[in-house]
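Here the structure is laid out as structure tokens; the discussion comes afterwards.
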Amino acid sequence: MLNNIENIENIKKIKNSLPTPCYLIDEEKLVENLEILHGVEVRTGAKILLAQKAFSCYHLYPLIGEYLSGTASSGLFESRLGFEEMQKENHVFSGAYRDGEFDEILKYSNHVIFNSFSQLEKFRDRTLKAGRKIGLRINPECSTQQGHEIYDPCSPRSRLGITRENFLINNLNGVTGLHFHTLCEQNSDDLEKTLDAVEEKFGDVLQFSQITWLNMGGGHHITRPDYDIQRLEKCIKKFSEKYSLEIYLEPGEAVALNAGYLVTEVLDIVQNDMPIAILDTSAACHMPDVLEMPYRPPLMDSGLPDEKNCTYRLGSQTCLAGDVIGEYSFDSPLKTGDRLVFCDMAIYSMVKNNTFNGMPLPEILLLKKSGEIKSLKNFGYEDFKSRL
Ligand SMILES: *Cc1c(COP(=O)(O)O)cnc(C)c1O
């Protein structure tokens, strides 16, 4: 999960000089990911878009835009951000669009993806008049993730995507593409399975000459070391050739995977059955996926409980009893003032921050390739007050 040794050593050296809590974005690792993704684009002709909902740190959009083809958005604000800051191809999907926001969305988005035939009916003419492309999100009803219903758009009674039973094959006026998104942190074997289901359920639609593009959504963990890129490329080529389609992928995680840290300070050590370190960061406020998913974030220089000499529960300043990041062990006892570095904190972190309990938002810093550190954004009391 960690970066190359040189980077880790570098971060250990600088961690005591950083303001805490802070996110530190690792430019070198980001570029490494982008090179992998760009390689897939070059070898397959597919276009890869940044799913902004995972990583909207727009200061890096010019860099990301050097490697990727554009942005994918979840609605008006993300589509505006992609339009303003990346200025490349911009796709938008929303479970449903509001009438009052739709004309503005059309200003920013090249491809507009609808989640139902009623939404298509309602917005079709305006979309075509604006010269934008229309896609429909389909639900191939092929669950490939177990025990993660909250992240599975193919779970029973899902609202995401049109099932074949509800697909009005005679009402495709103006529709030029299909979209599916069913994966989450998965490898290309699951994509392959999903594509079999897409073909079985919607192969006839893909054959229509009016259907010229297919967006395969996100959840492709392409930049993870064990990801089978060759199989992904085989899948892309098969579909683009067999059905004459332009293929899009819109990964979020894979773009900034392992490309950021959350640096925090130990404020106090208390006791209750075991030693508990209280940190100036919060799972609930600064890494909500730890509680929501849930998962255990990697922490530099630590082990599983009892793997190393000294085991601690790591918790936050907040009043929420469950605001606990997990239990970790260390070679030597923690003490007040120590810095801890959580890894893989660029994705689904900054975009999900909140100020519950009046917790401050972590400053956002960039660790440049040159080793220089640049502050991108810092927050204060006004950021808490102004939202209320
Ligand atoms: C969440 C989402 C993505 C990005 O998913 P990752 O798991 O971050 O790769 C892409 N497209 C859609 C429609 C999504 O909902």
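For the reader, a short list of remarks on this structure follows.
- Residue list for the range 279-297, filter: without any contact (Cβ under 8 Å) to a residue 40 or more places away in the chain and surrounded by fewer than 19 Cβ atoms within 10 Å (Cβ to Cβ): Leu291, Pro294, Tyr295, Arg296
- The range 53-67, residues that are away from the ligand (no atom under 11 Å from the Cβ) and within 15 Å of the chain's Cα centre (by Cα): Ser56, Cys57, Tyr58, Leu60, Tyr61, Ile64
- The criterion of being surrounded by fewer than 22 Cβ atoms within 10 Å (Cβ to Cβ) and in a strand (DSSP E or B) holds for Leu267.
- Leu50 vs. criteria under 13 Å from Glu89 (Cβ atoms), in the same structural domain as Arg98 (by TED's automatic domain parsing) and within 11 Å of the ligand (Cβ to nearest atom): yes
- Asn139 vs. criteria among the polar types (S, T, N, Q), away from the ligand (no atom under 16 Å from the Cβ) and closer than 30 Å to Leu106 by Cβ: no
- The criterion of at least 2 residues that are touching a residue at least 60 places away in the same chain (Cβ under 8 Å), within 18 Å of Met216 (Cα to Cα) and in contact with a strand residue (DSSP E or B) (Cβ under 6 Å, 6 or more places away or on another chain) is met, among strands (runs of 3 or more DSSP E) falling completely within the range 26-143, by 47-51, 89-93, 111-114, 133-137.
- Residue list for the range 218-263, restricted to those being more than 15 Å from the ligand (Cβ to nearest atom) and part of a strand (DSSP E or B): Glu246, Tyr261, Leu262, Val263
- Applying a threshold of 6 Å to beta carbon distances and a minimum spacing of six or more residues, or different chains, the list of pairs starting in the range 188-208 at a residue that is in contact (Cβ under 8 Å) with a residue 24 or more places away in the chain and ending at one that is in a helix (DSSP H, G or I) and of a type in the set (D, E, K, R) reads Ser188/Arg231; Lys201/Arg164.
- Residues of the range 340-388 classified as within 16 Å of the ligand (Cβ to nearest atom), touching a Leu at 6+ places or on another chain (Cβ under 8 Å) and within 14 Å of His59 (Cα to Cα), total: 1
- With a requirement of 2 or more residues that are of a type in the set (Ser, Thr, Tyr), the strands (runs of 3 or more DSSP E) lying completely within the range 300-375 that satisfy it span 310-316, 324-330.
- Qualifying residue in the range 168-178 (condition: within 16 Å of the ligand (Cβ to nearest atom) and polar (S, T, N, Q)): no
- The number of residues in the range 135-160 being of a type in the set (A, V, I, L, M, F, W, C) and over 19 Å from Ile113 (Cα atoms) comes to 2.
- The range 102-129 - residue that is out of contact with any Lys or Arg (no Cβ under 8 Å at 6 or more places or on another chain) and of a type in the set (Gly, Ala, Ser) and, of those, nearest to the ligand (Cβ to nearest atom): Ser116
- Check on Ser329, hydroxyl-bearing (Ser, Thr, Tyr), at pLDDT 95 or above and under 21 Å from Lys12 (Cα atoms): yes
The values are calculated or read from the model by the stated rules, or taken from the named source; none is laboratory data. If you're wondering where the values come from, they're calculated on a predicted model, not measured in any experiment. Heads up, the Cβs are rebuilt from the backbone with ideal geometry, glycines too, and the neighbour counts pull from every protein chain shown.
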